[in-house]
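Trainee: First, the structure itself, so that you have it in front of you.
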C-alpha cells in the first residue's frame, strides 16, 4: 500500500515520507517476504526511491535471478537495510 497522506497522518513518526507499506506476503516478491514484516515501509530498492506499489513491482521485475537486492526499510521507527539476491 502506498504511504499516502492518510497513512502519514496516522504514522507521524515515520522518518521518510514516501514508500510502500507492507501489509502481508505477496507472490510477486516471494524471495523477500521472509525478511519483511507487516508494517514495514519500503523506502528504496537498490538506492532507487520507491513512491508506489507499481514502481516497486516494476523495479523488482527489472532485476534478474542472482542480481543483488538491497532494500531500505523502516521498521518500528528504525531505518534498516535488507540485502539478498533475486531468486
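Trainee: Tell me which strands (runs of 3 or more DSSP E) are completely within region 40-87 and hold 3 or more residues being in contact with a strand residue (DSSP E or B) (Cβ under 9 Å, 6 or more places away or on another chain) and within 14 Å of residue 2 (Cα to Cα), or say none if there are none.
Mentor: 41-45
Trainee: Inside region 68-84, can you point out the residues that are surrounded by 12 or more Cβ atoms within 10 Å (Cβ to Cβ) and either more than 19 Å from residue 17 (Cα to Cα) or free of Cβ contacts under 8 Å to residues at least 12 places away in the same chain (or both)?
Mentor: 69, 70, 80, 82, 84, listed by residue number.
Trainee: When you go through (1) modelled with pLDDT under 95; (2) surrounded by 11 or more Cβ atoms within 10 Å (Cβ to Cβ); (3) in contact with a strand residue (DSSP E or B) (Cβ under 6 Å, 6 or more places away or on another chain) one by one for residue 28, which number turns out not to apply?
Mentor: Only one criterion in (1) modelled with pLDDT under 95; (2) surrounded by 11 or more Cβ atoms within 10 Å (Cβ to Cβ); (3) in contact with a strand residue (DSSP E or B) (Cβ under 6 Å, 6 or more places away or on another chain) is unmet by residue 28, namely (3).
The values are calculated or read from the model by the stated rules, or taken from the named source; none is laboratory data. Source: prediction; values computed, not measured. Don't worry about glycine lacking a Cβ; one is built from the backbone with ideal geometry, like all the others, and counts go over all protein chains shown.
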